[in-house]
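Encoded as structure tokens, the structure appears first; notes follow it.
The values are calculated or read from the model by the stated rules, or taken from the named source; none is laboratory data. Values in this document were obtained by computation on a predicted structure and should not be read as measured data. Cβ atoms come from the backbone with ideal geometry, glycine included; neighbour counts cover every protein chain shown.
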Amino acid sequence: MRYRSAIMIGLMTLFVSPAWAQEAEPPSTNQSTQVEGMGFGAYDTESIKGFDENKVSKDPVCDRSKRPRIMKVEPDEAKPGEKVVIKGENFGTKECLHGVTFSSAPSSKVNYTYVNDATIEALVPDAKAGMSFVVVVAGGGSAQSKPVIIKGK
């Protein structure tokens, strides 16, 4: 209770203080203490020093400004295990493509093959028969197809 009262008194002082009282304060120097090898707010944790130039030059550069878009999925009816072709745009490079999922089997791993920036081939996962959406996740975001039909085995 004392702590809460002290906070309230401090807030009241801050908002009710006359302008002349605030001018009397010395200017702030905005200096902080920095410890070599320490990150912001990381206590007893050494910061990352340097970088591996070879690794950085090989890292993919994904264009986050280009949102992926699915134009169509062919065929629009398939059984689990069958291949579908996802056509669209802005899927990015192979390294920037994060994955493909089907809404009727969200936790199933989908085997897919990156063909190019506009085409992906995927195997329909073991899912319940019925309507499903195909979702592609790339460097620029995600895209959802129009409904496709998953047939029973």
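For the reader, a short list of remarks on this structure follows.
- Within segment 89-132, considering residues that are closer than 15 Å to Ala78 by Cα and acidic (Asp, Glu), the one farthest from the chain's Cα centre (by Cα): Asp126
- Any hit, segment 107-119, residues being modelled with pLDDT of 90 or more and out of contact with any strand residue (DSSP E or B) (no Cβ under 8 Å at 6 or more places or on another chain): yes
- Residue check, Lys83 more than 16 Å from Gly130 (Cα to Cα) and more than 23 Å from the chain's Cα centre (by Cα): yes
- Restricting segment 110-128 to residues that are part of a strand (DSSP E or B) and hydrophobic (A, V, I, L, M, F, W, C) leaves a set whose member that is farthest from Lys66 (Cα to Cα) is Leu123.
- Taking the criterion of being of a type in the set (Ser, Thr, Tyr) and touching a residue at least 60 places away in the same chain (Cβ under 8 Å), no residue of segment 80-125 qualifies.
- Within segment 129-144, not a single residue is exposed (fewer than 14 other Cβ atoms within 10 Å of the Cβ), assigned to a loop (DSSP other than H, G, I, E, B), on the phi < 0 side of the Ramachandran plot and out of contact with any Gly (no Cβ under 7 Å at 6 or more places or on another chain).
- Residue list for segment 83-109, filter: in contact with a Leu (Cβ under 7 Å, 6 or more places away or on another chain) and outside any strand (DSSP E or B): Phe91
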